[in-house]
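Below: the structure, in structure tokens.
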Amino acid sequence: MEKRELIFDGNEKQVFATDDNHKVIFRYKDVTLAYGGVKRALFIGKGALDNKISALMLGELNRKGVETHFIEVINDNEQLCRKIQIIPLEFIVRNRIAGSLAERLGVKEGIRPEEPIVDLRYNNDELDDPLINDHHAIALGLATKEELKHMYSIATRTNTILKALCHKAGIELIDVKVEFGRDSLTGNIIISDELSPDTCRMWDEKTGEKLDKDRFRHDLSDVVASYREVLDRLTKAIA
Ligand code: TMP
């Protein structure tokens, strides 16, 4: 596989074209942002950990029959992925109320709803990724009613699969952000982007210790060590 030109240069990730029109290379950087870019830091080695954790989680979904863009890890910071057309929606599936939802509802983090809660956001930096509903997504032409139903179903199944994987690793999956794209080859709606402690909340099952990006958001230190712990535990759980 030959790496070609840079086609997307994000703050935390880059995407490169390849000699195959339907495949791209995802590169995970060490730069980390929070609060829409207001907070920024460099954590040496974090990009490589995100790459490997994401590969494990996306790989687990592929094995369980949930199609994702992930094909294979190429090196420390890069993975080969299927090229997709982005659907600018974020499905946030929550097993416990935490983060922005706890703030919005004025409650302490930790409430466990009977069924997972799913929030829908419009992925639009200029608008600060606003919360939207199905009617808005359809009116904007982002997806049809049937496609939305399909994505809700896949997002929920993704949560179920990853929750079980994390549990095997002694980690409680608190929430997970799922994004989708249309496969450039098949047109199928598949899971895109990363799945890592940047895009999921993960707490140690026994101690409740946060092992995810909240360590950076809340200045809790040991960000890289926590991500390494997540990788080690998931690697053992999958073996
Ligand atoms: P929230 O509590 O800020 O709404 O985030 C819920 C989960 O989704 C959390 O694990 C972080 C993840 N997330 C992203 O990865 N990117 C985003 O743009 C947002 C808003 C959340």
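Just so it is clear, none of the values below were taken in a lab; they were calculated from the coordinates. From a predicted model like this one, the values you see are computed outputs, not experimental measurements. As a convention, Cβ positions derive from the backbone with ideal geometry for all residues, glycine included, and neighbour counts pool all protein chains shown.
Key figures for this structure:
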| quantity | calculated |
| --- | --- |
| Expected-Rg normalisation [2.2 N^0.38 Å, Cα atoms] applied to segment 18-68 | 1.45 |
| Modelled FRET efficiency - R0 25 Å, GLU209 with VAL118, Cβ distances, 0.05 increments | 0.45 |
| Computed magnitude of the charge dipole of segment 1-137 (debye, nearest 20; Cβ of K, R +1, Cβ of D, E -1) | 360 |
| Intensity falloff of segment 59-204 expressed as log10 I(q)/I(0), Debye formula with alpha-carbon point scatterers, at q = 0.15 Å⁻¹ | -0.81 |
| For segment 13-72 versus segment 172-239, the gap between their alpha-carbon centres in whole angstrom | 11 |
| Dipole magnitude of the chain about its Cα centre (Cβ charges: Lys, Arg +1; Asp, Glu -1), debye to nearest 20 | 480 |
| Using a Förster distance of 35 Å, the FRET efficiency for HIS22-ASP129 (Cβ separation, nearest 0.05) | 0.80 |
| Ranked packing of 96-106, 206-216, most packed first, by mean Cβ within 10 Å | 206-216, 96-106 |
| Most to least packed among 72-84, 189-201 [average Cβ atoms within 10 Å] | 189-201, 72-84 |
| Gain in span if fully extended, ASP9 to VAL107, counting 0.36 nm per residue against the direct Cα distance | 31.6 nm |
| Compactness relative to 2.2 N^0.38 Å, alpha carbon Rg of segment 136-239 | 1.25 |
| Paired Rg and Dmax values of segment 40-130, which use every Cα atom, in angstrom | 16.4, 44 |
| Extreme residue, positive dipole direction of the chain, given options THR158, LEU185, TYR28 (C-beta unit charges) | THR158 |
| Residue (of ALA137, ILE171, ASN124) at the positive-pole extreme of segment 124-191, dipole from beta-carbon charges | ILE171 |
| Rel. contact order, % - alpha carbon contacts under 8 angstrom, at least six apart, segment 21-69 | 27 |
| Residue pairs, from the table LYS23/LYS177; LYS29/LYS108; LYS64/LYS177, whose Cα atoms sit over 29 Å apart | LYS29/LYS108 |
| Sequence ranges 133-142, 33-42, ranked by mean other-Cβ count within 10 angstrom, highest first | 133-142, 33-42 |
